[in-house]
Amino acid sequence: MILKIELEQEEDGRWIAEIPELSGVMLYGQTQEEARTKVQALALRVLAERIENGETQPELVSVTFNAA
């Protein structure tokens, strides 16, 4: 599974990072790196929750992040 991170700088200078493949996985950061790091951590928590709830088979999960 390759998750694409979309980054965009807001008018107020903050950065927003989003992973479109995972609904609701979107976070702000003061820097581009902070936003990317936070969204990666959230994505991993979402995937872990899906595994715990039986929504995804753990042996089928391999994650790669690709920043756009």
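The values are calculated or read from the model by the stated rules, or taken from the named source; none is laboratory data. Here the structure is a predicted model, which is why all the values come from computation and not from measurement. Using ideal geometry, Cβ is built from the backbone for each residue, glycine included, and neighbour counts are taken over all protein chains shown. Keep in mind that these areas ignore ligands, DNA and RNA; they rest on the heavy atoms of the full protein, side chains included. Shrake-Rupley method; radii C 1.70, N 1.55, O 1.52, S 1.80 Å.
Which of (1) 5.1; (2) 4.3; (3) 5.5 is the computed mean projected area of the Cα convex hull in nm² for the structure on display?
(2)
Please report the net charge: other residues with Cβ closer than 14 Å to the Cβ of LEU7, K and R +1, D and E -1.
Net of charged neighbours comes to -2.
Determine, from the Cβ-Cβ distance of LYS4 and GLN30 and an R0 of 22 Å, the FRET efficiency 1/(1 + (r/R0)^6), rounded to the nearest 0.05.
Once rounded, the FRET efficiency stands at 0.50.
Rounded to the nearest 0.05, what FRET efficiency do ARG14 and PHE65 have when you use their Cβ-Cβ distance and R0 = 30 Å?
Plugging the Cβ-Cβ distance into 1/(1 + (r/R0)^6) gives 0.90.
Measuring with a 1.4 Å probe in the full set of protein chains, what accessible area per residue, in whole Å², belongs to the chain?
I get 67 Å² per residue for the chain.
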